[in-house]
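A short worksheet on the structure shown next.
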Amino acid sequence: MKSVVLLLIFSLIWILLSGYFEVLLLGFGAVSILFVLFILKRMRVLDGTPIEFRINPFKLTVYFFWLLIEVIKANIVVCKIILSPKIKVNQNMIDVSLEPNTEVGQVMFANSITLTPGTVTVDTGLKSLVVHSLDLKEETLGELEKMGEYVRLCETKDN
């Protein structure tokens, strides 16, 4: 059953992201999806354990728009750094405490950091993430912790 659900989800994502409906490209998509499902089966990901996705859809939507605004602001900052005649940056690696409680929340948090221009999640641990910041300022750590709190708020309380 899980394989069929994943097949439908992957197919829908493939069609929505590609936007092409030519037979050859749909065939490539079908082969790719079947290959991914084969690999997942070999990795025993499709073994019958339920997929736990404890995220509040409404709060996730709010978070998405907040993150979109943060990405736009970070793009402007990075563009200013790149276009300035004298590039002054304060590159550094920092430890950021891992706020989210669920694995999905932790992955969302790490990917949100990487998605934001000027920051990259370099390493993940049980309690913290190692993040490279292009231009580390006093407020950078606070902004990252605020992002972690937003992700934690997206998680449902029935854990």
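Some points to look at:
Per-residue answers, yes or no, for (1) at pLDDT 80 or above; (2) of a type outside the set (Ser, Thr, Tyr):
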| position | (1), (2) |
| --- | --- |
| Met1 | no, yes |
| Leu8 | yes, yes |
| Ser18 | yes, no |
| Leu26 | yes, yes |
| Leu34 | yes, yes |
| Leu37 | yes, yes |
| Gly48 | no, yes |
| Ile51 | no, yes |
| Ile55 | no, yes |
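- Inter-residue pairs, beta-carbon under 7 Å, first among the hydroxyl-bearing types (Ser, Thr, Tyr) and in region 13-24, second assigned to a helix (DSSP H, G or I) and at pLDDT 85 or above, 6+ apart: Ser18/Leu25; Ser18/Gly29
- Residue tally, condition touching a residue at least 24 places away in the same chain (Cβ under 8 Å) and in contact with a Ser or Thr (Cβ under 6 Å, 6 or more places away or on another chain), over region 114-146: 6
- Only listed residue being touching a Pro at 6+ places or on another chain (Cβ under 7 Å), more than 17 Å from Gly142 (Cα to Cα) and surrounded by 13 or more Cβ atoms within 10 Å (Cβ to Cβ), chosen from Asn101, Asn75: Asn75
- Here Gln91 passes the criteria (1) closer than 22 Å to Glu155 by Cβ; (2) out of contact with any helix residue (DSSP H, G or I) (no Cβ under 6 Å at 6 or more places or on another chain); (3) of a type in the set (S, T, N, Q) except the one numbered (1).
- Subset of region 144-159 that is closer than 26 Å to Lys88 by Cβ and crowded, with 18+ Cβ neighbours inside 10 Å - its residue that is nearest to the chain's Cα centre (by Cα): Met147
- For region 68-112, a residue qualifies if it is part of a helix (DSSP H, G or I), at pLDDT 85 or above and not hydrophobic (A, V, I, L, M, F, W, C), and the qualifying residues are Glu70, Lys73, Asn75, Lys80, Gln106, Asn111, Ser112.
The values are calculated or read from the model by the stated rules, or taken from the named source; none is laboratory data. From a predicted model like this one, the values you see are computed outputs, not experimental measurements. Ideal geometry is used to build each Cβ from the backbone, glycine not excepted, and the neighbour counts take in all protein chains shown.
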